[in-house]
1. Picking from 108, 154, 76, which residue would you name as being buried (at least 17 other Cβ atoms within 10 Å of the Cβ) and among the basic types (Lys, Arg)?
2. Mind checking which residues of segment 222-241 are surrounded by 14 or more Cβ atoms within 10 Å (Cβ to Cβ), modelled with pLDDT of 90 or more and out of contact with any helix residue (DSSP H, G or I) (no Cβ under 7 Å at 6 or more places or on another chain)?
3. Among the residues of segment 253-304, which ones are in a loop (DSSP other than H, G, I, E, B), under 21 Å from the mean Cα position of the chain (by Cα) and within 16 Å of the ligand (Cβ to nearest atom)?
4. Which number in (1) out of contact with any Phe, Trp or Tyr (no Cβ under 8 Å at 6 or more places or on another chain); (2) not in a helix (DSSP H, G or I) marks the one condition that residue 148 misses?
5. Looking at 244, 310, which one is over 23 Å from residue 39 (Cα atoms), free of Cβ contacts under 8 Å to residues at least 12 places away in the same chain, away from the ligand (no atom under 16 Å from the Cβ) and over 15 Å from the mean Cα position of the chain (by Cα)?
6. Scan segment 305-317 for residues that are assigned to a loop (DSSP other than H, G, I, E, B) and buried (at least 17 other Cβ atoms within 10 Å of the Cβ) and report the count.
7. Quick check, is residue 211 within 16 Å of the ligand (Cβ to nearest atom) and farther than 20 Å from residue 41 by Cβ?
8. Please work out which one of (1) on the phi < 0 side of the Ramachandran plot; (2) in a loop (DSSP other than H, G, I, E, B); (3) surrounded by fewer than 19 Cβ atoms within 10 Å (Cβ to Cβ); (4) modelled with pLDDT of 95 or more is the condition residue 321 fails and give its number.
Amino acid sequence: MKFQVMAIMLVTVLLLACGSNHMEQPEESRLLSVVTTVSPITSIVENVGGERILVRGIIPEGANSHTFDPPPSTARVLADADLFIANGLYLEEPAIEMFNANHGDGARAVLLGELAIAPEEWQFDFSFPEANGQPNPHLWPDPILALKYAGIVRNALTTLDPEGAIYYGANYEEFRLRIDTLDAAIKTAVATVPEVQRQLLTYHDSWAYFAKRYGFEVLGAVQPADFTEPSPRDMADLIVQVRDLGVPAIFGSEVFPSSVMEQIAFESGAVFIDQLADDDLPGDPGDAGHSYLGLMIKNMVTMVRALGGDASGLGAVDSSLVFDGQSHAEYPG
Ligand SMILES: [Zn+2]
């Protein structure tokens, strides 16, 4: 008798626990759980997965994604994932190791950068020298490669959730149309930049694939491969180069504040613009422009204007979510 009472109490407690959880998050228990790394990738996955997935980024915006070491609490988030989507190409090694050590049965990892291009297409340059064997991992500032990422995401989601195939396909198509508009707007804007000024000197080395796509020359990146500061010799060379070429502006980002860039600008006569970003989305989570598309629009307006071109066509690109309905995306602050 006593055992029966206890059993009933236990069942009641369990039902109450399930009930309250269920009331707070009515659908989330049925959603596919996807964990991502940097925010541009989270945004691409959010757009393709739409209402059918819960997507959680684990690398905070404003953090240095190249050196970010997830806290131990992230292991639980990774253990709950049905799917882990990262850039790869050596960008998020500690996070990938943590996934490999903690993932649940049947969970799989997708490394977008490694699937989007072949090793022959890897670019090695200033901060990512070939001698280190690790290519420049910043594929997504090239929108055509970002679209490839979206296609890989669509396929991975469809494999896990075949009932969502048509839905994921429709979201991908809408995203493709946005990318087409963005790509055309970038081409139009770049054409207004005097050809001799299509030169990029940035602090963080994230524009290699973009530059190749749109006909820019990357003069250099100031940040050394080990994320320290450049040598006085390297700086002197860059100052001469920027001055001789008459480059009107050089670029940094808020994630990597650097007095070195101010000095190069001061001594070369260029303007220093510290507003380019590769993984720090504009605005706050929930804002329409807090997205991959919003990031690229902001970057292009900043870059093209500073180099003497007309960026007004970028206003035609819609940076909001491609699907109607409830998003379940978490961007860590
Ligand atoms: Zn980066």
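1. Just one listed residue meets the conditions, 154.
2. Answer for segment 222-241, where residues must be surrounded by 14 or more Cβ atoms within 10 Å (Cβ to Cβ), modelled with pLDDT of 90 or more and out of contact with any helix residue (DSSP H, G or I) (no Cβ under 7 Å at 6 or more places or on another chain): just 241.
3. Listed by number, the residues that qualify are 254, 255, 257, 274, 275, 276, 277, 278, 279, 280, 281.
4. (2)
5. Among 244, 310, only 244 is over 23 Å from residue 39 (Cα atoms), free of Cβ contacts under 8 Å to residues at least 12 places away in the same chain, away from the ligand (no atom under 16 Å from the Cβ) and over 15 Å from the mean Cα position of the chain (by Cα).
6. So the answer is 4.
7. yes
8. Unmet for residue 321, out of (1) on the phi < 0 side of the Ramachandran plot; (2) in a loop (DSSP other than H, G, I, E, B); (3) surrounded by fewer than 19 Cβ atoms within 10 Å (Cβ to Cβ); (4) modelled with pLDDT of 95 or more: (3).
The values are calculated or read from the model by the stated rules, or taken from the named source; none is laboratory data. Just so it is clear, the structure is predicted and the values come from calculations on it, not from any experiment. Please note: Cβ atoms are built from the backbone with ideal geometry, for glycine as well, and neighbour counts cover all protein chains shown.
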